[in-house]
Amino acid sequence: MTKPQEVRTWRVGVAGLGTVGGGLLDFLASRPDFAPAGGRVVVTGVSARSRSRPRAVDISRLAWFDDPVSLAQSPDTDIFVELIGGSDGPAKAAVEAALGAGKAVVTANKALIAEHGAALAALAEAKGVSLLFEAAVMGGVPAVKTVREALVGDEIRSLSGILNGTCNYILTEMETTGSAFSDVLAEAQRLGYAEADPTMDVGGFDAAHKITILAALAFGGSPNFAAAEVEGITGVDLLDIRLAGDLGYRIKLIASAERAGEGARVQVRPFLVRKTHPIAQADGALNALFIEGDRIGRIFLQGPGAGAGPTAAAVAADIADVMAGARRPVFQAPAASLQPCAPSAGTAAVGRGYIRVMVRDEPGVLASVSEELAEAGVSIESFLQKPPGETPGVPIVMTTHAVAEAVLAAAVDRIGRLPAVLEPPRLLHIASI
């Protein structure tokens, strides 16, 4: 007669009891035996900035730690879950302490992994423990597992997508309501989509952290946030959203990573995307990711990129992997062999552009603008001119054929010096996806 297998109890310590932390505690309390591999999860300790803060979940029976480092090192913690946030400070110290003590770590902290992932991976591998971060990118959408595990047999050429729901919500609302950026941002803050200080979101840095992580997984390097080119949406004008729409495009904040020589180029910037493309059709707070590989062709992922339920589910999935004994390098290869993701020297970025110029309504202006582009070596693909309105100037819009981005920027600078141009021209890039 077969003896019943003993069920192991996994003791979990959770640092950070915000939206995601509360959602995780609620989930684990209702489903302690959720893991397919068997075993049982018990939360044995928690840590947060305030013990007395009102919370939807009861923590009165859990051991409280004022210092998350103490929780990470506690002998009653088998798996340490870090949901504090931030690239440094308590989050980094606690994760280092847990790994150093030989404990598995699950985190939703994209800034921490993007900026210190290589060092943390080396520590985890030296101690023989897992460092998992599915919830750091796209919330409940399994983007990390897809890139790191499901596509390991392919060679990924590029990744591009909407990785910040706040920016996507703002741009969608600007387009649908005709409201200015500042008004929509204020409404997003009121609804809880944007923080009181929205810089990380609207400045593009949150999306840059996430694409930095995906690039490292996709291209076999280590995260290199410092090499990411980052431009947010604060300069996106309602006029450009309307004009882009007239040309058949929508403006989206796109995070992308693509091979550049032997390395990879990582960038976040507002792009014009064809209305018919699946990414252009992801509205509101949705996230979306487009993956292109040599063998699989194109894959599209879409879903909620934040929120208590989706993100807590991703954290729970990582806990289940630890319980199942899943072990692999944190990135695609042992940390000691990885090089930081960056473009190879001498690789020039090439792309198409959208140029909007506000000019005086007078003869010869269009010819002057076209001449400057021609002399710079930029070829016009399409042209749009709106009739004079209430503003002092007339908008002229051109889209260009593919050209070196440095050449395009220099041409726009030359156009800005023309006497009939009333303000600095606006240059946006057109997505090649």
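Laboratory data are not the source of any read-out in this text; all were calculated from the coordinates shown. All figures in this text were calculated on a predicted structure; none of them were measured in a lab. A quick note on method: Cβ atoms are made from the backbone with ideal geometry, for glycine too, and the neighbour counts reach across all protein chains shown.
Some observations on this one:
- For Ile254, the residues whose amide H sits under 5 Å from its own are Arg269, Phe271, ignoring neighbours fewer than 5 places away on the same chain, with H placed 1.01 Å from N.
- Taken over the range 359-416, the alpha-carbon convex hull comes to 77 cubic angstrom per residue.
- Comparing Pro278, Gly245, Gly305 along the charge dipole axis of the range 233-311, the residue lying farthest to the positive side is Pro278, per the Cβ-charge model.
- Counting all C-alpha pairs of the range 77-221, share separated by more than 28 Å (%): 27 percent
- For the range 140-286, a Kirkwood hydrodynamic radius built from all Cα pairs, placed in the Stokes-Einstein relation at 25 °C and 0.890 mPa s, yields a translational diffusion coefficient of 155 µm²/s.
- Amide H contacts of Arg157 (H built 1.01 Å from N, under 5 Å, at least 5 apart or other chain): Glu292, Gly293, Asp294
- Sequence-distant residues sharing a close amide H with Ala108 (under 5 Å, placed H): Glu82
- Cβ crowding within 10 Å ranks Ser60, Ser256, Ser368, Ser379 as Ser60, Ser379, Ser368, Ser256, fewest other Cβ atoms first.
- Span from the the range 66-106 Cα centroid across to the the range 135-182 one, whole angstrom: 28 Å
- Candidates Val315, Val407, Val147: whichever shows maximal mean-square fluctuation once the chain is modelled as a Gaussian network with Cα springs under 10 Å: Val407
- In order along the range 248-259, the Karplus-derived 3J(HN,Hα) couplings, from 6.51 cos²θ - 1.76 cosθ + 1.60 at θ = phi - 60°, round to x, 10, 10, 9, 10, 7, 10, 9, 9, 9, 9, 5 Hz, and Gly and Pro are given as x.
- Over the range 241-375, the alpha carbon radius of gyration divided by the compact-protein estimate 2.2 N^0.38 Å works out to 1.51.
- Within the chain, DSSP assigns beta bridges of which about 65% are antiparallel (rounded to the nearest 5).
- For the range 159-168, backbone phi angles converted through the Karplus equation (6.51, -1.76, 1.60; θ = phi - 60°) give residue-by-residue couplings of 10, 7, x, 9, 10, 9, x, 4, 5, 5 Hz, Gly and Pro being listed as x.
- Quotient of C-alpha Rg and 2.2 N^0.38 Å, computed over the chain: 1.10
- Magnitude of the charge dipole for the chain, about its Cα centre and with charges confined to Cβ atoms of Lys, Arg (+1) and Asp, Glu (-1), is about 1120 debye.
- J(HN,Hα) series, the range 109-121, from Karplus relation 6.51 cos²θ - 1.76 cosθ + 1.60, nearest Hz, glycine and proline x: 8, 5, 5, 4, 6, 5, 9, 10, x, 5, 5, 5, 4
- For Arg157, net neighbour charge (Lys/Arg +1, Asp/Glu -1) across residues whose Cβ lies under 11 Å away: -2
- Sorted from greatest to least, the principal axis extents spanned by the alpha carbons of the range 9-136 come out as 36, 33, 25 Å.
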